[in-house]
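Enquirer: Once you've had a glance at the structure underneath, I'll fire off some questions.
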C-alpha cells in the first residue's frame with residue numbers, strides 16, 4: 001500500500017510538471033483604443049505569433065480622480081521557449097513592450113503611450129535586474145556624455161579627473177551586474193549594452209564621433225543566440241546605419257551608408273542571420289526610397305548568399321515594387337502607331353516625357369486629360385505617352401482624335417494589363433515624368449503637382 005501511495009505521488013508530481021504554466025500579467029496605467037493584445041516571440045528581424053488575449057478595462061479612483069486602466073494576462077505552457085517576447089497592444093501605430101521569458105512568472109505595469117520609459121517589473125528576476133541595470137548604467141552614461149560634451153564646447157575646462165571618476169563608476173556598475181547575472185539569460189544583454197567609452201576624454205567632435213563609430217559593436221557578440229533571437233542587434237544595427245553616421249551631403253551620405261553596411265556584415269558570420277539582416281535593410285532602404293542602396297544590397301550581399309538561402313520571391317517582389325520609383329529607368333514597352341512599331345526606350349522626339357496611365361471610363365481622366373493637353377500645347381520640349389487602360393478600343397479611338405501630337409497606346413484588359421501591372425497602376429490617372437533617357441524624375445499624384453513640376457523644367 002505504501003509503495004502504491006508513493007507511485008501515485010510520483011505520478012501526480014510528473015503530471016504537475018507536465019501541466020505547469022507561467023503567467024504574464026500586465027497593467028496599463030491608461031487605456032488604448034483596442035480590446036486585444038498580441039504576444040509574439042522575437043527572432044531577430046522576425047516575430048512569431050504565440051497567442052492573443054483581451055484587455056480588461058476598468059476605472060479606479062486615484063487621489064479622488066478617476067483613472068482608466070487596462071489589464072491582461074497570458075498563460076504560457078511549460079513548453080514555452082526561453083527568449084525575447086513582445087506584447088503588441090496597438091494595430092494602427094507603434095505600441096509594444098518587450099520582455100525576457102526564462103521559465104518564471106512575469107508581472108509589470110506601464111503607460112501605453114510611453115512603454116519603454118514607464119515599464120516597471122514587479123515579478124521576474126530576469127526583467128527586474130535588466131531594468132535596474134539599464135536605469136543605473138544609462139544615468140551614469142548620461143553624466144559621462146555631459147562631461148564629454150562640455151569638454152568639446154569648452155576646451156579650456158579641465159574635466160579629465162571628473163571624466164575618469166564617472167568612467168570608473170560605469171565600469172563598477174557593469175562589473176557588479178555581470179557578476180550578479182553570471183547564470184542568468186540576461187547576461188549577454190548586459191555585456192552588449194555597455195558603450196566602449198574611451199579611457200581619456202575627447203576634446204574634438206571628430207575624435208568623439210570617430211571613437212563612437214569605430215567601437216560601436218565592440219561589446220556585442222553577434223554569434224550569441226540570445227542576442228540574435230531578440231531585437232537587440234537589429235536595433236543597434238539600425239542605430240549605427242541610419243542615425244549615428246550622417247552627412248548633409250547626399251553623395252557623401254550614400255558612401256557612409258555603404259561603409260556602415262560593410263562594417264555591419266564584417267560582424268555577422270551566421271549565414272541565416274546575415275540573410276535576415278540583408279532583407280531587413282533592403283526593406284528599410286525601400287521605405288526611405290533609397291533605390292541605389294537597395295540595388296547595392298542585392299548586388300553585393302543578397303546575390304552572394306548561398307543559393308539555398310536566397311529568397312528569389314523576395315527579390316522579384318522588391319524589384320517589381322521598385323521598378324517605377326524615382327531614379328529608375330521606366331520599364332520599356334512597345335506599341336504600333338501609324339503602322340510603325342515604337343518603343344518607349346528608343347523615343348527621341350523630346351527632352352522630357354509625360355507618361356500618363358488613364359482610361360476613357362475614368363471620370364477624373366475625362367476632366368484632367370483635356371486640361372493636360374491644353375497645358376502642354378506650347379511646350380515643344382515635352383512629349384506625352386498616353387497609355388489608355390480599356391476593356392475595348394471603342395472609346396479610346398474616339399477620344400484620342402481630340403488629343404493630337406501625343407503618342408497613344410492602347411492597353412487592353414484594363415487593370416490586368418501586363419504593362420499596368422509592371423508599373424503597379426492601381427488608379428487613373430497616374431503620372432510619371434521622364435527625362436530624355438527615360439529615367440523617372442517625378443511621380444506627381446495630382447495634375448497640379450505635375451504642372452508645377454513641368455513649369456520648373
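The values are calculated or read from the model by the stated rules, or taken from the named source; none is laboratory data. What you see is a predicted model, and the numbers here were worked out from it, not measured in a lab. Here the Cβ is made from the backbone with ideal geometry for all residues, glycine too, and neighbour counts use every protein chain on show.
Enquirer: Report yes if some residue within the range 231-249 is more than 30 Å from residue 411 (Cα to Cα) and touching a strand residue (DSSP E or B) at 6+ places or on another chain (Cβ under 6 Å); otherwise report no.
Expert: Yes: one or more hits.
Matching residues to (1) part of a helix (DSSP H, G or I); (2) closer than 21 Å to residue 220 by Cβ:
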position: 162; (1), (2): yes, no
position: 171; (1), (2): yes, yes
position: 175; (1), (2): yes, yes
position: 178; (1), (2): yes, yes
position: 195; (1), (2): no, yes
position: 202; (1), (2): no, no
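Enquirer: Another question, then. Quick one: in the range 116-128, which of the residues that are under 29 Å from the mean Cα position of the chain (by Cα) and surrounded by 19 or more Cβ atoms within 10 Å (Cβ to Cβ) is nearest to residue 181 (Cα to Cα)?
Expert: 126
Enquirer: Among 89, 22, which is the only one that is within 30 Å of residue 223 (Cβ to Cβ), crowded, with 17+ Cβ neighbours inside 10 Å and modelled with pLDDT of 85 or more?
Expert: On inspection, the qualifying residue turns out to be 22.
Enquirer: Give me the residue from the range 305-324 that is over 19 Å from the mean Cα position of the chain (by Cα) and exposed (fewer than 12 other Cβ atoms within 10 Å of the Cβ) and, out of that set, nearest to residue 442 (Cα to Cα).
Expert: Ranking the candidates gives 316 first.
Enquirer: Would you call residue 385 touching a residue at least 60 places away in the same chain (Cβ under 8 Å) and either at positive phi or crowded, with 19+ Cβ neighbours inside 10 Å (or both)?
Expert: Judged against the criteria, residue 385 is not a match.
Enquirer: What about residue 230, is it within 16 Å of residue 188 (Cβ to Cβ) and not in a helix (DSSP H, G or I)?
Expert: Values: within 16 Å of residue 188 (Cβ to Cβ): yes; not in a helix (DSSP H, G or I): yes.
Yes; evaluated as a whole, the condition is true for this residue.
Enquirer: Quick one: which of 434, 447, 412, 457 is surrounded by fewer than 16 Cβ atoms within 10 Å (Cβ to Cβ) and either outside the structural domain of residue 372 (by TED's automatic domain parsing) or in contact (Cβ under 8 Å) with a residue 24 or more places away in the chain (or both)?
Expert: Testing whether each residue is surrounded by fewer than 16 Cβ atoms within 10 Å (Cβ to Cβ) and either outside the structural domain of residue 372 (by TED's automatic domain parsing) or in contact (Cβ under 8 Å) with a residue 24 or more places away in the chain (or both) leaves just 457.
Enquirer: Considering only residues that are within 22 Å of residue 269 (Cα to Cα) and under 17 Å from the mean Cα position of the chain (by Cα), look in the range 280-304 and name the one that is surrounded by the fewest Cβ atoms within 10 Å (Cβ to Cβ).
Expert: This residue is 283.
Enquirer: With a cut-off of at least 3 residues that are over 30 Å from residue 284 (Cα atoms), name the strands (runs of 3 or more DSSP E) lying wholly within the range 24-120. I'd like the intermediate steps shown before the answer.
Expert: Numbers: elements: 36-43, 46-54, 56-62, 65-77, 83-88, 96-101, 106-110.
It comes to 56-62, 65-77, 106-110.
Enquirer: Condition first: touching a residue at least 40 places away in the same chain (Cβ under 8 Å), surrounded by fewer than 18 Cβ atoms within 10 Å (Cβ to Cβ) and over 30 Å from residue 277 (Cβ atoms). Can you find one or more residues in the range 45-66 that meet it?
Expert: Within the range 45-66, not a single residue is touching a residue at least 40 places away in the same chain (Cβ under 8 Å), surrounded by fewer than 18 Cβ atoms within 10 Å (Cβ to Cβ) and over 30 Å from residue 277 (Cβ atoms).
Every residue, every condition in (1) modelled with pLDDT of 95 or more; (2) farther than 21 Å from residue 99 by Cβ; (3) surrounded by 13 or more Cβ atoms within 10 Å (Cβ to Cβ); (4) within 21 Å of the chain's Cα centre (by Cα), yes or no:
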| position | (1), (2), (3), (4) |
| --- | --- |
| 204 | no, yes, no, no |
| 224 | yes, no, yes, no |
| 231 | yes, no, yes, yes |
| 235 | yes, no, no, yes |
| 247 | no, yes, no, yes |
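Enquirer: Then there's this: Name every residue in the range 170-201 that is over 33 Å from the mean Cα position of the chain (by Cα) and surrounded by 17 or more Cβ atoms within 10 Å (Cβ to Cβ), in order of residue number.
Expert: Within the range 170-201, just 201 meets the criteria.
Enquirer: A follow-up question, please. Quick check on my filter: what residues within the range 259-273 are surrounded by 15 or more Cβ atoms within 10 Å (Cβ to Cβ), farther than 18 Å from residue 46 by Cα and under 20 Å from the mean Cα position of the chain (by Cα)? Break it down into steps so the answer makes sense when it comes.
Expert: In the first step, residues of the range 259-273 are kept if they are surrounded by 15 or more Cβ atoms within 10 Å (Cβ to Cβ); the result is 260-261, 263-265, 267-268, 273.
Okay, now just the ones that are also farther than 18 Å from residue 46 by Cα, so 260-261, 263-265, 267.
Result: 260, 261, 263, 264, 265.
Enquirer: Give the number of residues within the range 29-75 that are within 21 Å of residue 122 (Cβ to Cβ) and touching a helix residue (DSSP H, G or I) at 6+ places or on another chain (Cβ under 9 Å).
Expert: 1
Enquirer: Please specify each residue of the range 333-352 satisfying the condition of being in a loop (DSSP other than H, G, I, E, B), in contact with a strand residue (DSSP E or B) (Cβ under 6 Å, 6 or more places away or on another chain) and free of Cβ contacts under 8 Å to residues at least 40 places away in the same chain. Please lay out each step first, then the result.
Expert: We begin by selecting, within the range 333-352, every residue in a loop (DSSP other than H, G, I, E, B); these are 333, 338-339, 347-351.
Adding the requirement that they be in contact with a strand residue (DSSP E or B) (Cβ under 6 Å, 6 or more places away or on another chain) leaves 349-350.
Within the range 333-352, 349 is the sole residue that qualifies.
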